[in-house]
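Down below is the structure, laid out as structure tokens.
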Amino acid sequence: MNVLRKHHKTAPVDVRGKTVLKISHFPIINKALLNSTHCASLSIPPFQTKQNKAMKPVFTIMSALLLAVIATVNSCPPSDRAALLAFKAALHEPYLGIFDSWTGTDCCHNWYGVSCDSESHRVADINLRGESEDPVFERAHRTGYMTGFISPEICKLTRLSSITIADWKGITGEIPKCISTLSFLRILDLVGNKISGEIPYDIGKLNRLTVLNIADNQISGRIPASLTSLSSLMHLDLRNNKISGLIPRRIGRLGMLSRALLSGNQISGPIPSSISRIYRLADLDLSMNKISGLIPASLGKMAVLATLNLDCNKISGTIPPTLLTSSIGNLNLSRNGLAGKIPDVFGPRSYFTVIDLSYNKLSGSIPRTLTAASYIGHLDVSYNHLCGRIPAGAPFDHLEASSFSHNHCLCGKPLRAC
């Protein structure tokens, strides 16, 4: 009531100790005042006077107006609703009925997978994930998948913060080029579909984007240079596509990046040394590509890099000693063209869950300092040109013969005696 007094000069009328408000107190209905909290305070005491009976139609009109205002506040803007319906029209999902709720005006609360910003009431999130723990998807593997394409109409939802259209297997078409106009977008997750075409060339305009996940699709072309302008990007997942060309030379500009997953593509050329400037990077996976050249020694100087996977490329040269004295705990350099000796730099601070150096051209002996490491969970040096005696003790006493097989002249347990 104090809020109402503040906004209206005419004082309320006191009748039998009860405060009521005349309709004249509302020359203009203020939506900010007519929310559910204020509506609860507008209780009208019962009166038996003729005056009160005459006011009943007025309060009936007021109630109708209040309900209309509340309904308007709860519903999303017609333009957003129209864009959602156009987006839906491009998709086909006849089995699970996830679009059955997409009726009526209240898309903010009643439409499955849609949520809105609490202040603007504009559509902020679209979350449609195919393989999910949500009970609505329990029949997904038995009944089929969503097909169709992502309509450019989605770009009319200009306040979108999150787009997740993932794991449907059958969605085709391209990433709408207009996606780069969604300046509020923070998450773009399209993993697990059959989307083709290229990454929009101007995707770098999305300066709020923190997650870009388009793995397990059929994306082709190069990684656009503008991607290195995504200053807020923390998670980049481009795995299992048909992306070719070079890793952008200026990738080191992605200062917030913690995971860079680019495996299973056709990326070629060297590893840019600028990657080592991404001081938050903890997981770098470039496996199963066509990457060539040397491994930058600076990768071993990264403060938080814990996983480095360069498996199945065309990398040559030697193993930088810095990789074996760094924070990296999961190191996979297998199936490359690495030569020379394994650096003998292990010590009490060495802690590895995995060291996989198999299928290279490494020579010399197995470093004895490996026995000084605090922990090595799995070591694989098979299919190289190593010679000499396998050191005794941990970690060698729990490794199988397959970890040392197909070398020139290795001997000792678990292989043949020397």
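Listing for the model above:
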read-out: Count of residues meeting criterion [modelled with pLDDT of 90 or more and surrounded by 15 or more Cβ atoms within 10 Å (Cβ to Cβ)] in the stretch 392-411; value: 5
read-out: Enumerated strands (runs of 3 or more DSSP E) restricted to the stretch 143-225, each holding at least 1 residues that are at pLDDT 95 or above and within 22 Å of GLY130 (Cα to Cα); value: 147-149, 162-166, 170-172, 187-189, 211-213
read-out: Test: residue in the stretch 316-326 that is closer than 27 Å to ILE165 by Cβ and of a type in the set (Gly, Ala, Ser); value: no
read-out: The stretch 164-180, residues that are closer than 13 Å to GLU198 by Cα and among the aliphatic types (A, V, I, L, M); value: ILE175, ILE179
read-out: Of all residues in the stretch 291-313 being β-branched (Val, Ile, Thr) and within 27 Å of the chain's Cα centre (by Cα), the one that is farthest from MET256 (Cα to Cα); value: ILE291
read-out: Residue among ILE275, ILE243, ILE267 that alone is outside any strand (DSSP E or B) and among the β-branched types (Val, Ile, Thr); value: ILE275
read-out: Failed criterion for ILE171 (all others in (1) touching a residue at least 40 places away in the same chain (Cβ under 8 Å); (2) surrounded by fewer than 21 Cβ atoms within 10 Å (Cβ to Cβ) hold); value: (2)
read-out: Among (1) out of contact with any helix residue (DSSP H, G or I) (no Cβ under 9 Å at 6 or more places or on another chain); (2) surrounded by 22 or more Cβ atoms within 10 Å (Cβ to Cβ) - the single one ILE355 does not satisfy; value: (1)
read-out: Residue in the stretch 332-340 that is more than 28 Å from ASN289 (Cα to Cα) and within 41 Å of the chain's Cα centre (by Cα) present; value: no
read-out: Members of the stretch 103-123 that are among the hydroxyl-bearing types (Ser, Thr, Tyr) and within 19 Å of ILE165 (Cα to Cα); value: TYR112, SER115
read-out: Conditions (1) surrounded by fewer than 19 Cβ atoms within 10 Å (Cβ to Cβ); (2) part of a helix (DSSP H, G or I); number of the one not met by VAL304; value: (2)
read-out: Meets criteria (over 25 Å from GLY255 (Cβ atoms) and either free of Cβ contacts under 8 Å to residues at least 24 places away in the same chain or assigned by TED's automatic domain parsing to the domain that holds ASN127 (or both)) for ILE195; value: yes
read-out: Any chance THR307 is among the hydroxyl-bearing types (Ser, Thr, Tyr), at pLDDT 95 or above, under 17 Å from GLY264 (Cα atoms) and in the same structural domain as TYR383 (by TED's automatic domain parsing); value: yes
read-out: Which numbered condition TYR375 fails, given (1) closer than 27 Å to SER263 by Cβ; (2) surrounded by 14 or more Cβ atoms within 10 Å (Cβ to Cβ); value: (2)
read-out: Residue check, LEU362 more than 26 Å from the chain's Cα centre (by Cα) and outside any loop (DSSP other than H, G, I, E, B); value: yes
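The values are calculated or read from the model by the stated rules, or taken from the named source; none is laboratory data. Bear in mind the structure is a predicted one, so any value in this text is a computation, not a measurement. As a convention, Cβ positions derive from the backbone with ideal geometry for all residues, glycine included, and neighbour counts pool all protein chains shown.
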